[in-house]
Amino acid sequence: MESKLDVLSKIAKKIQNHGITWALGGSTLLFLKNITDHFNDIDIMVCEEDINKVKELLLELGELRPFKPNNNFKTKHFLEFLIDNIKVDIMAGFTIVKNNQEYYFPIEKHQKFESIDIDGLKIPLQSVKEWKKYYELMDRTDKVSMINQKTF
């Protein structure tokens, strides 16, 4: 876990002070909110207008991996990086497809988020309530159950 948090700190240091609107989501969020004791990769949600700047900055830290389409998502921008052997997913215009319907969840410019301090850096977090809704749409009953047990 420590190496993943180190990569998260590197990313935060790299993108802070660039006016980028971003927040952590997925299992990284659940880990930082003490809902789970592990996470596999780092999920970062970004405002669509900031995606090119984020890509440019993260290319200085790691390697951009080939895109692997998934029919359950129509996210406008999805970038997968490998930074210090840690998988980092960058999403802008997050869109979940369920029953042939698209559910669009963008991060808005200048949106305010709760934050957590890691290594003296302010790390913005999406809400667990939002992610519960996302996991319900994704049929991730394991994650929904985990959230229900710890928070609601």
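Overview of results
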read-out	value
Hydrodynamic radius by Kirkwood, which averages 1/r over all alpha carbon pairs of the chain, in angstrom	15.7 Å
Mean projection area, nm², convex hull over Cα of the range 1-46	3.1 nm²
Cut-off 9 Å between beta-carbons: net charge of the residues surrounding D89, Lys and Arg +1, Asp and Glu -1	-2
Gaussian network model of the chain, springs between alpha carbon atoms under 10 Å - residue of L59, L125, L24 with greatest fluctuation	L59
Cα gyration tensor shape of the range 1-79, rounded if a/c is under 1.5, else prolate or oblate by comparing a/b with b/c	oblate
Antiparallel DSSP beta bridges within the range 17-108, percent to nearest 5	80 percent
Estimated FRET transfer efficiency (Y103, K55; beta-carbon r; R0 30 Å; 0.05)	0.75
Portion, in percent, of the accessible area of the chain that falls on carbon or sulfur, probe 1.4 Å	45 percent
222 nm mean residue ellipticity, helices alone, for the chain (DSSP H n ≥ 4; -39,500 (n - 2.57); rounded to 500)	-9500 deg cm²/dmol
Per-selection metrics, the range 77-152 (Cα): Rg and Dmax in Å	14.5, 43
Among P124, P66, P106, residue whose mean-square fluctuation peaks in a GNM of the chain (springs only between Cα atoms under 10 Å)	P66
Cβ-based net charge around T141, under 14 Å, with every Lys or Arg adding one and every Asp or Glu removing one	+2
Max mean-square fluctuation residue, GNM over the chain, Cα-Cα springs under 10 Å, options K13, K68, K122	K68
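The values are calculated or read from the model by the stated rules, or taken from the named source; none is laboratory data. Values in this document were obtained by computation on a predicted structure and should not be read as measured data. Cβ coordinates were reconstructed from backbone atoms using ideal geometry, including for glycine residues, and neighbour counts include every protein chain displayed. Surface areas here come from the heavy atoms of the whole protein model, side chains and all, with no ligands, DNA or RNA. Shrake-Rupley method; radii C 1.70, N 1.55, O 1.52, S 1.80 Å.
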